[in-house]
Amino acid sequence: MTAELVRGQNHPLSQSRLEIRISAGTPVAAAAVLSDENGRIHGTEWVAHPGAPVQPGLEVSRQAAADHRLAVDLDAMTEAVHRVSVLLALPAPDGGAGPARFGAVAAPFVAVTGLDGTEVASYTITGLDLESAVVALELYRRQGAWKVRAVGQGYAGGLAELFADQGLAEAAQLASGIDEAVARGLARSVQAPPPRTSEGDRSRQAAAPAVGPDQGAAPQGAPVPVPPSYGGQPSGGQGGPQPAYGGATDPHAASGGPVNYSHPGRQTSAPPPPPPTAPPAQPGQPARPVAGDATGWSMEERLYNQVWGMFEDLARTTAAYRSAVDFAESRMDKELEQALSDPRNRIGGQGDAAREAARARCSQLVDQARTSLDRDVAQLVAEAEVVEPALPPAFARWDNPCWHAYRVPMEIPMALRLGDLRLPEAEPIRIPMLLRLPLERGLWIDSGRTDSLDGSFTDSHDMRRLAMDTAVAHAARLLAVYPAGEFTVHVVDPAGSGARALAPLTQTGVLAGPPAQGAAGVTEVLARLTQRVDLVQMALRGGAPDALPPGFDTSQQLLIVNDFPHGFDDRAVNQLRYLVDEGPSVGVHLMMVADREESAGYGPLLDPLWRALLRLTPVPDDHLADPWVGHAWTYEPPAVPHGSEVLRQVLTKVAEARRTGSR
């Protein structure tokens with residue numbers, strides 16, 4: 001029976017190998033501090049955190065996530081360790097995105113479990129307000145036995161104040177190092193979608209409790225002529241809170257008021273129509289999947305929520321499988337250790353029998369877990385088979401027939417597809433990776449990696465070509481999903497090396513002008529876009545968004561930078577950083593095509609730029625992480641079918657709509 005603890009209460013621990021499971025509803029960083037019998041920390045090496053996740057008998061998560069599983073082996077702790085304090089902290093990435101205090105998010109839940117998932121004790125950390133770091137609970141040794149105590153001690157000064165309170169001399173430096181490690185992790189994390197309401201729960205049950213992220217409703221935008229991204233919702237008025245990559249939060253949260261999760265444009269609207277229902281399933285069979293079975297105000301929103309539900313279900317069912325395999329292997333190791341601790345069992349048939357029995361039990365548990373995973377994956381595959389053909393162009397692959405009937409849209413869609421995501425345990429299923437619009441985070445197309453996950457090797461020249469092809473495909477999709485004239489693309493190609501890949505954009509005439517070349521071209525384009533950002537920001541801060549110059553282009557702006565850092569000096573790099581930080585809020589976005597290693601020469605100046613952009617690759621790569629359990633997902637870039645003219649056909653229609661003004 002689980003002991004539900006309140007602050008200060010303790011409970012004995014009968015097991016030495018444990019998991020500490022954390023559900024926070026929003027990405028948090030988890031850490032653990034080891035201390036002696038006097039509560040003293042002997043140095044930074046006694047702290048396990050995302051930058052140094054492993055200590056003897058202890059392993060924490062390497063990144064911030066909404067769900068964590070910390071592994072603890074009390075028998076492996078050194079004799080000097082008498083206390084293990086589990087810490088939670090809200091990350092503070094560049095730009096200040098995300099909640100700054102625990103009072104603005106759901107109360108974190110912490111549970112101590114056995115390796116089989118059985119809860120021993122749990123604690124919901126309530127009563128937090130301005131605190132951004134908290135000691136959740138502690139495991140402590142008392143008279144040779146271990147106990148767990150609910151602590152819930154919060155610190156408004158964050159990790160630096162927490163470590164200083166525990167007597168650590170290097171508190172500020174350690175807190176800064178953890179923030180840096182968390183920022184690197186967030187740079188590779190896929191942002192969570194908005195939480196689904198109780199009416200929007202999916203028929204399939206996830207393998208672990210589903211905890212939605214903290215996302216508030218985005219505030220209403222400024223009046224015309226300022227485009228919707230200048231602080232507002234897309235002009236299409238799609239429902240649901242804004243789950244942008246970077247996190248838009250409700251304005252009331254900053255002032256301490258209640259968070260309003262309702263759609264700002266539908267306060268008095270009628271409830272949305274119910275989603276389509278599946279026909280009755282045969283007895284003993286799972287329900288047949290239906291496209292658009294999630295809730296939403298439109299079929300587009302239902303499909304968007306359904307795709308994210310599939311992503312979450314696959315993340316959680318895979319986490320359950322991996323946890324079951326870890327438990328089975330740990331149990332086998334323990335049984336073998338016990339069986340072979342007696343010297344008489346180390347030789348002869350009795351020892352062999354014990355080993356075979358332990359391996360058989362392990363194999364049985366793994367097979368049971370695999371059967372459960374295969375069942376869930378099969379259901380997801382069946383769902384994907386009905387969802388994929390129903391996706392609108394913004395969500396669809398380039399080989400979807402809907403592109404052959406493409407028409408320039410009248411409204412901005414909710415999101416667009418940037419590729420697919422998959423996990424190694426579930427090869428048959430690909431989950432569309434959807435990015436909300438308007439963009440709130442730029443893109444870095446990494447042209448540096450030359451080896452693919454399948455073992456193939458691509459030389460550096462081909463990688464640069466593939467990276468530029470990928471960037472053009474992304475830009476073409478952005479141009480295609482916006483109404484005519486509402487999205488403008490600029491290109492900086494200092495050496496002209498991207499001319500071949502850029503041909504679909506240049507030959508169809510959808511660019512704002514010819515690609516800028518040479519140092520003078522780079523300077524001119526960057527100066528023009530930074531001036532645009534300054535101008536719109538001044539208008540918004542002055543409360544006069546309609547005071548922009550006559551004829552001011554209010555469309556979204558995308559700058560594609562090829563072959564960085566060639567042709568860029570320190571001033572140009574600073575301007576890029578400025579566009580990354582300030583541009584998205586006023587409709588100016590950046591897409592870098594560059595090799596991370598070649599760009600490393602800029603050092604600290606470049607690191608914030610790298611972290612602020614979402615890294616994508618032109619070949620499959622397992623660098624992205626989900627916001628629930630932190631799996632490393634394999635990203636597969638979007639591919640235009642070989643020999644297909646679909647991209648040029650779509651861009652030709654976009655260019656024609658711009659010339660004629662028709663939609």
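Looking across region 102-125 at every residue that is modelled with pLDDT of 90 or more and polar (S, T, N, Q), the one that is nearest to the chain's Cα centre (by Cα) is identified as Thr124.
Consider region 556-586 and keep the residues that are outside any helix (DSSP H, G or I) and at pLDDT 90 or above. The one that is farthest from Ala473 (Cα to Cα) is Gly583. As a summary of the residue check, Asp367 satisfies the conditions (1) out of contact with any helix residue (DSSP H, G or I) (no Cβ under 8 Å at 6 or more places or on another chain); (2) acidic (Asp, Glu); (3) in contact (Cβ under 8 Å) with a residue 60 or more places away in the chain except for the one numbered (3). The conditions of being crowded, with 19+ Cβ neighbours inside 10 Å, in contact (Cβ under 8 Å) with a residue 24 or more places away in the chain and in a strand (DSSP E or B) are not met by Pro91.
Is one or more of the residues making up region 357-374 buried (at least 17 other Cβ atoms within 10 Å of the Cβ), within 26 Å of the chain's Cα centre (by Cα) and within 24 Å of His68 (Cα to Cα)? Yes, some residue in region 357-374 is buried (at least 17 other Cβ atoms within 10 Å of the Cβ), within 26 Å of the chain's Cα centre (by Cα) and within 24 Å of His68 (Cα to Cα). Out of Val81, Val33, Val6, Val86, one residue alone is more than 29 Å from the chain's Cα centre (by Cα) and open to solvent by less than 30 Å² (accessible area, probe 1.4 Å). It is Val81. Look at (1) of a type outside the set (A, V, I, L, M); (2) touching a Pro at 6+ places or on another chain (Cβ under 9 Å); (3) closer than 20 Å to Ala181 by Cα and you find that His68 fails only one, number (2). Out of Asp581, Asp570, Asp595, one residue alone is open to solvent by less than 30 Å² (accessible area, probe 1.4 Å) and either touching a residue at least 60 places away in the same chain (Cβ under 8 Å) or more than 24 Å from the chain's Cα centre (by Cα) (or both). It is Asp595. The sole residue among Ser341, Ser330 that is modelled with pLDDT under 85 and either under 22 Å from Ser61 (Cβ atoms) or open to solvent by less than 20 Å² (accessible area, probe 1.4 Å) (or both) is Ser330. For Arg397, the conditions (1) outside any helix (DSSP H, G or I); (2) without any contact (Cβ under 8 Å) to a residue 24 or more places away in the chain all hold with the exception of (2).
For region 635-663, the set of residues classified as assigned to a strand (DSSP E or B) and touching a helix residue (DSSP H, G or I) at 6+ places or on another chain (Cβ under 7 Å) is empty.
Going through (1) in contact with a Pro (Cβ under 8 Å, 6 or more places away or on another chain); (2) closer than 25 Å to Thr506 by Cβ one by one, Arg577 falls short only on (2). Just the residues that are under 15 Å from Arg436 (Cβ atoms) and acidic (Asp, Glu), please, taken from region 291-327. Glu300, Glu301 - these are the residues of region 291-327 that are under 15 Å from Arg436 (Cβ atoms) and acidic (Asp, Glu).
Would you check which residues across region 130-157 are of a type outside the set (A, V, I, L, M, F, W, C) and free of Cβ contacts under 8 Å to residues at least 40 places away in the same chain and list them? Residues satisfying the conditions are Glu131, Arg142, Gln143, Gly144, Gln153, Tyr155, Gly157. If I ask for residues that are at pLDDT 85 or above, in a helix (DSSP H, G or I) and either open to solvent by less than 30 Å² (accessible area, probe 1.4 Å) or of a type in the set (Phe, Trp, Tyr) (or both), which ones from region 133-192 would you list? Residues satisfying the conditions are Gly158, Leu159, Leu162, Phe163, Ala171, Leu174, Ala175, Ile178. Check whether at least one residue in region 545-565 is in contact (Cβ under 8 Å) with a residue 24 or more places away in the chain, open to solvent by 50 Å² or more (accessible area, probe 1.4 Å) and under 26 Å from the mean Cα position of the chain (by Cα), and report yes or no. No.
Would you pick out the residues in region 482-508 that are open to solvent by less than 10 Å² (accessible area, probe 1.4 Å) and assigned to a helix (DSSP H, G or I)?
Leu505
Glu440 satisfies every condition listed in (1) at pLDDT 90 or above; (2) closer than 30 Å to Gly551 by Cα; (3) acidic (Asp, Glu) except (1). Can you say whether Thr113 is of a type in the set (Ser, Thr, Tyr) and touching a Lys or Arg at 6+ places or on another chain (Cβ under 9 Å), as far as the supplied structure shows? Answer is yes for this residue.
Arg407 passes every criterion in (1) part of a helix (DSSP H, G or I); (2) open to solvent by 30 Å² or more (accessible area, probe 1.4 Å) apart from (1).
The values are calculated or read from the model by the stated rules, or taken from the named source; none is laboratory data. Just so it is clear, the model here is predicted, and its values are computed rather than measured. Heads up, the Cβs are rebuilt from the backbone with ideal geometry, glycines too, and the neighbour counts pull from every protein chain shown. Remember, those area values only see protein heavy atoms, side chains included, never the ligands or the DNA or RNA. Shrake-Rupley method; radii C 1.70, N 1.55, O 1.52, S 1.80 Å.
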